[in-house]
Amino acid sequence: MSIPMTGTRRIHPPFRCDIVGSYLRPETLREARFQFESGEISAEELKVIEDEEITLLVNKQKEMGLQTVTDGEFRRGWWHLDFFFGVQGTEKIGLPTAGIDNRNRAESFRVVDKISFGDHPMLEHFRFLKTLAGDRVAKMTIPSPALFHFVQSYNGNDVYDDTEELYLDIIAVYREAIQAFYDAGCRYLQLDDTTWGTLCSSRHRMLIRNRGQDPDQLARDYVRLINESIAERPDDMVIALHVCRGNFRSTWFAAGGYEPVAEELFSHTKVDAFFLEYDNERSGDFHPLRYIEDQFVVLGLVTTKHGGLESKDMLKERIAEAAGFVELDKLCLSTQCGFASTEEGNMLTEEEQWNKIRLVRETANEVWNSSSV
């Protein structure tokens, strides 16, 4: 199938060549974090090394021709839990580790008091990124409000007996967070969410029913949580939702196409763009995209699970296929996920990582017929 070359480029996010956000941690940073955890260096010494490595990363992203840059989530151990740990009224908890390699961590969070955003440490993380971004767009990634509720529901709490009260407080936390990041200079915010990957999975939907919950009602509740959380965002702030099926050390936990949630998620969620995994058969076909309203769809066609490079011709054919459901001018291209959703990172090298980014950039340039995407 041929793709009409429109010559259209994007000067606002999402960009034709976009990124999910996390990058492999360099060995220097990995060693520094180990030294910090073992008490060999201080938090201040760790921050100096983080600052240095993030500066190098941002420069590399610019060198690669990316229009948006992130800090690679270099200050995080987990893509989601570090944000939740920083919310007032939560605490870190350990989980049973039976059957888990001792080198891996098993952690989560629990609500122990009324929640509020407070002086969240990630605000300062973003401010530092903003000083490095220059003429590029500094992108912030945080877990979604739906995921906050979904994760805490497994750990229980003694604070909120009423689900509606908890929903309202989650919404309040995220409204404050969005405004705080905006005030810090953020104009591009990505909400990362594995909840929807879970709700796509027939196996996980069965497990949810076994817990006495209705997965379709959860989907409606979670669209509401997202919409009310972002309802007061400033007009010049772009908010995207990234749907993931798991990305820990190149593994995954959910499989299934978007059809079970497509109408609710795509027709009713008021984000500006969806970043959607489409790197293999686990994500299904493009037919669920028929429910997309006016949002952009960033096709995650290039996998981060391994270092093998996809064929440009194959990528172009799949973009053309997706354009049968969403007009080409509303499509963009990215990797399917980040390269290191946790500090352990996926099973590929840094060279392979940058080859993936280069492939996305070159393919996007050729598809949208623009020397700058």
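Between residue 211 and residue 44, the simple spin-label model (points 7 angstrom out along Cα→Cβ) gives 4.4 nm.
Going by accessible surface with a 1.4 Å probe and the largest first, 34, 128 read 34, 128. Hydrophobic long helices, here whole DSSP H runs in the chain with Kyte-Doolittle means of at least -1.0 and Cα atoms spread over 24 Å or more along the helix axis, are found at 43-63, 163-183. Contact order for the chain, expressed relative to its length and based on alpha carbon pairs under 8 Å spaced 6+ residues apart, stands at 22 percent. If only the Cβ of Lys and Arg carry +1 and only the Cβ of Asp and Glu carry -1, the dipole of segment 1-87 around its Cα centre is close to 720 debye. Put a plus charge on the Cβ of each Lys and Arg, a minus charge on the Cβ of each Asp and Glu, and nothing anywhere else: the dipole of the chain about its Cα centre is then about 740 debye.
Heavy-atom accessible area for residue 62, with the other protein chains in place and a 1.4 Å probe, reaches approximately 50 Å². Here the Gaussian network model covers the chain, with springs between Cα atoms less than 10 Å apart; of 75, 203, 16, 203 fluctuates the most.
Under 27 Å of direct C-alpha separation, and excluding same-chain neighbours fewer than eight residues apart, residue 47 reaches these lysines: 60, 62, 92, 130, 139.
A simple count of charges around residue 143, restricted to other residues whose Cβ falls under 10 Å of its Cβ and scoring Lys, Arg +1 and Asp, Glu -1, yields -3.
Between 174, 117, 20, the Cα set farthest toward the positive side of the dipole of the chain (charges on each charged residue's Cβ, about the Cα centre) is that of 20. Counting only heavy atoms of the protein chains and using a 1.4 Å probe, residue 244 has close to 10 Å² of accessible surface. The residue among 349, 323, 335 whose Cα reaches farthest toward the positive pole of the charge dipole of segment 312-373, with charges on the beta-carbon of Lys, Arg, Asp and Glu, is 323. Of the GluC sites (Glu not before Pro) in segment 118-205, not one is in a loop by DSSP (not H, G, I, E or B) with at most 11 other beta carbons within 10 Å. A crude spin-label estimate for the pair residue 280 and residue 202, with each label 7 Å from Cα along the Cβ direction, gives 1.9 nm. Of the listed residues 125, 268, 120, the order by accessible area with a 1.4 Å probe, largest first, is 268, 125, 120. Surface exposure of the chain, expressed per residue as accessible area with a 1.4 Å probe, stands at 41 Å². For the pair segment 74-92 and segment 282-312, the centres of their Cα atoms are 28 angstrom apart. Working note: 222 nm ellipticity from helices only, DSSP H runs with n ≥ 4, each -39,500 (n - 2.57), summed and divided by the residues of the chain, gives -13000 deg cm²/dmol to the nearest 500. Shown for the chain: the carbon plus sulfur share of the solvent-accessible area, taken with all protein chains present and a 1.4 angstrom probe, equals 48%. Farthest toward the dipole's positive end in segment 132-272, which of 234, 204, 185, given Cβ charges of +1 (Lys, Arg) and -1 (Asp, Glu) about the Cα centre? The residue sitting most towards the positive pole is 204. Taking amide H atoms as placed 1.01 Å from N in the peptide plane, the amide H of residue 275 lies under 5 Å from those of 241, 242, 243, 298, each 5 or more residues away in sequence or on another chain.
The values are calculated or read from the model by the stated rules, or taken from the named source; none is laboratory data. Nothing here was measured: the structure is a model prediction, and the numbers come from that model. We place every Cβ from the backbone using ideal geometry, glycine too, and count neighbours over all the protein chains shown. Accessible surface areas use protein heavy atoms only, side chains included; no ligands, DNA or RNA. Shrake-Rupley method; radii C 1.70, N 1.55, O 1.52, S 1.80 Å.
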